[in-house]
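Here it is: the structure, laid out below.
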Amino acid sequence: MLDSAANMELNNVGSNKIYVYLALSFRRLCLATVGLPLASLLFCFVTAYIFQQDDIHETHCKVYNILPSISAITGVSPQRYLWRVSIALHIGPRLVIASVYHSYYYNILKSIEDVPLKIMGSRLLNLCYWLNIAEVAALSGVTYVSNRENYSVHEKIFIVFMISSLMYMLTAVRLGRLITPKAQSLQYKQALLVMSLVSTIGLIIFFLKHRLLCHDLAFSWFSLCEYVIAFANMGFHVTVVLDFPMEQLVVGHGLPATKTD
């Protein structure tokens, strides 16, 4: 029986027929990719706020604070282990989604006859892709180097994450306006980009108030801006389900090969 199954597999591989071994809803994959860190973040917040208030509210100024930062709730134990695992598990799908988006826009650009528009779109597409990769890498770094372990390095990686994230969102919106101006996802991306930019300005202002002036609740307002940025970032990435509502991620034999470069 095993021999016949093996022969069947060899015959299938040698034929011109198409065999699908796995078909996964791309929409569900994207939702799971965003849902994993979101659920972990909420769990870390609730448990740390209930059981470790002294640890998560501690600041160098020793001023009154009611809302802990993301770094605080994901930097205490055991929450940091859950957070690190969730980030590690979602990195692979994030890279797949980035590659799918690159291929999606690449195929749209191939059909455009306007040469200057095509060149501009190609440059934005490549920049968008690598900024997305940089954001994922920075997120990994800021996760695995906590502010309790090495504040200086954590702070610098966080800055890289913020810059790459905002630049990616700006580039993605510009690319969308250029080649897919009627896409439903573009409206949400623009709104979430504005939300992120406004929150980033608030983040900087309240951080300086906290670090330089030690104002009461300044760090809480900083943390609130940080949460808004995090949720806006997740929302921005989850708009992918609007661009790929019915697509499948397929593993099979005999499927037509694609080339994106």
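Pairs under 7 Å by beta carbon, first residue without any contact (Cβ under 8 Å) to a residue 40 or more places away in the chain and over 12 Å from residue 70 (Cα atoms) in segment 32-56, partner of a type in the set (A, V, I, L, M, F, W, C) and not in a helix (DSSP H, G or I), six or more apart or different chains?
Taking only residues 6 or more apart or on different chains, the pairs are 52/76; 55/76.
Can you find, within segment 175-209, the residue that is surrounded by the most Cβ atoms within 10 Å (Cβ to Cβ) among those that are under 21 Å from residue 132 (Cβ atoms) and of a type in the set (Lys, Arg)?
189
Follow-up. Those residues that are in contact with a helix residue (DSSP H, G or I) (Cβ under 7 Å, 6 or more places away or on another chain), at pLDDT below 95 and not hydroxyl-bearing (Ser, Thr, Tyr), I need them from segment 179-199; list them, please.
179, 183, 184
Here is a follow-up. If you take the residues in segment 224-237 that are buried (at least 19 other Cβ atoms within 10 Å of the Cβ) and within 18 Å of residue 39 (Cα to Cα), which one is farthest from the chain's Cα centre (by Cα)?
The qualifying residue farthest from the chain's Cα centre (by Cα) is 226.
Residue 113 versus (1) in contact with a helix residue (DSSP H, G or I) (Cβ under 9 Å, 6 or more places away or on another chain); (2) not in a helix (DSSP H, G or I): which is the lone unmet condition?
(1)
So, one more: Is it the case that residue 168 is aromatic (Phe, Trp, Tyr) and at pLDDT 95 or above?
The answer is yes for residue 168.
Another question, if that's okay. Being under 19 Å from residue 175 (Cα atoms) and more than 19 Å from the chain's Cα centre (by Cα) is the filter here, so list the residues in segment 67-116 that pass it.
106, 107, 108, 109, 110, 111, 112, 113, 114, 115, 116
Across segment 49-97, what is the number of residues that are of a type in the set (D, E, K, R), at negative phi and either modelled with pLDDT of 90 or more or in a loop (DSSP other than H, G, I, E, B) (or both)?
The number of residues fulfilling the criteria is 4.
The values are calculated or read from the model by the stated rules, or taken from the named source; none is laboratory data. Computed from a predicted structure; not experimentally measured. Using ideal geometry, Cβ is built from the backbone for each residue, glycine included, and neighbour counts are taken over all protein chains shown.
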